[in-house]
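A short worksheet on the structure shown next.
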Amino acid sequence: MASPAPPSGGDTPGDSGTRPGSAHQMWGGRFQGAPAEALERLNCSLPVDQRLWRQDVQAAEAWAGALRRAGILTDLEAADLRRGLGQVAERLTNGAADHAPDEDVHSLVERLLYEEVGTVAGKLNTGRSRNDQVVTDLRLWLRDALAAVDAEVAALGRTLGGRAAEGIDLILPGYTHGQRAQPVRWAYVLLAHAWPLARDRERLVAVATHLEECPLGSGAVAGSGVAIDRDALAAELGFRRPSPNALDVTGDRDFVVEALAALALVGAHLSRLGGELMVYASSEVGFVRLADAYCTGSSLLPQKRNPDVFELARAKAGRILGDLTAMLATLRGLPAGYSKDLQEDKGWLFDAVDTVLLTLPAVRGALETLTPRGDRMEAALDDGLLATDVADGLVRQGVPFREAHGLVGRLVREAERDGVVLPAVAAARAAAIHPALPAVLAELGTWEDSVERRGTMGGSSRAAVARQLEALARAFAAPWPRSHVP
Ligand code: ARG
């Protein structure tokens, strides 16, 4: 370890004898005393933002290079700093952030750097501020986080596609308003939950396009006082270009809101999928049975098999919505530029990313292992589900649909009154409603025939489902765009 030790800004000028391991402050020359402990506790963000240390070190290395090119650092100094940053990274890998006393990740990295290379560490912050630093770190972090979320969303999408392909023969009631409406394929229901995930992937990519500008070199508010080549700096860190306005970019957290909104929607999709499966898994409906590995038990009721995985997915969606709401509520009150309020952003963003990454594999596992119960699905198919087919049959005989709708309504009433299924209404009584009805009823065929009658693109017929399976297989196989992972 090199000496001398880093200056501690909160102390009396001249007193630079901070011990290694004690808090390192990046400011304080103009203050007479140390900050109050209560303020320090409120102000400290290290427990949350220490997750950014890799990005902070990466950006610091690039900044050292930019300072060297600008003539602020000699080659030797820049090399010293880079070597020191490597050692800092190693110490952080080995847990140097645990219980560290520093205000935030930037002070932590700077303290460790002082400990490694001595006073030259003090040159690194030339023309740089924590305001441009933190938002650079956060963009770098989010770039990887979005790719990780995307990979999990795609994996769930592939699972849904696989289960759908297996389940193409199973037919169950399709519901609207919670009421049985028309027969559909089980595959079709699963795919209805896969399409939102395909859109989620598109949204995550769209969010990543707003991470393409590099804030570093913006300084605190008005640009850097050093003639930094920001294009080269941006390129080195894998950004497409430097950000165009220092005041804007240091206070911009739109990308956090966008990421949270995209994550909240992923959460909502998992919640809707889980909610529907919870109903299907209920004792009353029983269309699916969850594997033991994805059920939990009750401490009191020995017979219980609880679908906690889906209940938790439902609750996690609310949690992410809370993160989004908190971020947006904070942002709306702020002028352009950095305000300390923005320090809170990371807690919400990390929480939302962690929550989604925790939930997705569990929902995927539950789906991979659940058993669809074709017998229960079939038992729920009642003849009322054929009413639209009867009306369509009359339409083929030239009856206007609105009229056919009314006629079939009367037929349904007759069947209900007689306590028989639709096709069993006596031919004479059906004919009394409309002369073409007996023939239409005789031609209704099987549930499979009914589903196959809806072969339009986007429908539930075998061919229409096969087309969707292909399109979704492509959507979920597509890799995360390379340009966003430099
Ligand atoms: N810990 C701060 C944050 O997360 C870093 C930026 C602090 N900037 C400042 N001027 N105090 O936002």
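A short reminder: the numbers here are calculations on the coordinates, not readings from a lab. Just so it is clear, the model here is predicted, and its values are computed rather than measured. When we count neighbours, we look across all protein chains shown, and the Cβ atoms used for this are built from the backbone with ideal geometry, even at glycine.
Measuring nothing but alpha carbons in region 328-449 and taking Rh as the Kirkwood radius, the Rg to Rh ratio lands at 1.43. Site pair Asp144 and Ala206 shows an inter-label distance of 2.7 nm when each label is modelled 7 Å from Cα along Cα→Cβ. Reported to the nearest whole Å, the Cα centre-to-centre distance from region 364-394 to region 164-193 is 6.
Give the calculated FRET efficiency between Ala222 and Met457 to the nearest 0.05, with a Förster radius of 51 Å applied to their Cβ-Cβ distance.
0.35
Distance distribution note for the chain: the fraction of Cα pairs above 35 angstrom is 50%.
Each of Lys123, Lys340, Lys346 has some number of other Cβ atoms within 10 Å of its Cβ, and from fewest to most they run Lys340, Lys123, Lys346. Taking every alpha-carbon pair within region 209-311, the share separated by more than 22 Å comes to 57 percent.
Mind giving me the FRET efficiency for Asp354 and Ala439? R0 is 51 Å, r the Cβ-Cβ distance, nearest 0.05 is fine.
Given R0 = 51 Å and the Cβ-Cβ separation, E is 0.25.
As a calculated quantity, the FRET efficiency between Ala165 and Ala478 at R0 = 22 Å, using C-beta atoms, amounts to about 0.75. Shown for region 253-397 is the translational diffusion coefficient from the Stokes-Einstein equation, using the Kirkwood radius over Cα pairs, a temperature of 4 °C and a viscosity of 1.567 mPa s: 71 µm²/s.
Scaled against 2.2 N^0.38 Å for its residue count N, the alpha carbon radius of gyration of region 326-393 is 2.26.
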